[in-house]
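Chemist: Below is a structure I'd like to ask you about.
The values are calculated or read from the model by the stated rules, or taken from the named source; none is laboratory data. All values reported here derive from a predicted model rather than from experimental measurement. Don't worry about glycine lacking a Cβ; one is built from the backbone with ideal geometry, like all the others, and counts go over all protein chains shown. The protein model used for the area step is the full one, side chains on, heavy atoms only, and it has no ligands, DNA or RNA in it. Shrake-Rupley method; radii C 1.70, N 1.55, O 1.52, S 1.80 Å.
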Amino acid sequence: MPRCSCLQAFAAGTQVAWLAELFATKSRAAGIGIAVSLAAAIFGGTAPYLNSWLTSRGIPDLFTWHVVTLALCVALAAFFTRETKGVLLTAIESPEQVPHTS
């Protein structure tokens, strides 16, 4: 169990900085708050029920693969996230500043 706790600590420690860089300064608090709250409600809130349901069906290993798949999706999203090293966070465009192409 201690190895899992260390892995969780590494992920949670970098998540704060990563999320902060995704949003413009003006909308950072709302953007992070909404994103984290929705993720916690959708994935964290349904996880115990999904695990119980899959276990009652006799396929508890499927829940493990569900978690692994979600982790791979997060790793893929992190890989394709634009790099903001050397960019002022105030220079990141908020959605209302992006010109519409219509």
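Chemist: So, in the stretch 4-27, how many residues would count as being assigned to a helix (DSSP H, G or I) and farther than 19 Å from Ala75 by Cα?
Modeler: 3
Chemist: Out of the stretch 11-29, which residues are open to solvent by 60 Å² or more (accessible area, probe 1.4 Å) and free of Cβ contacts under 8 Å to residues at least 12 places away in the same chain?
Modeler: Thr14, Gln15, Val16, Ala29, listed by residue number.
Chemist: Can you name the residue in the stretch 60-83 that is open to solvent by less than 80 Å² (accessible area, probe 1.4 Å) and of a type in the set (A, V, I, L, M) and, of all such residues, is nearest to Glu21 (Cα to Cα)?
Modeler: Ala78
Chemist: Could you please let me know if Phe43 is surrounded by 11 or more Cβ atoms within 10 Å (Cβ to Cβ), without any contact (Cβ under 8 Å) to a residue 60 or more places away in the chain and within 20 Å of Thr81 (Cβ to Cβ)?
Modeler: yes
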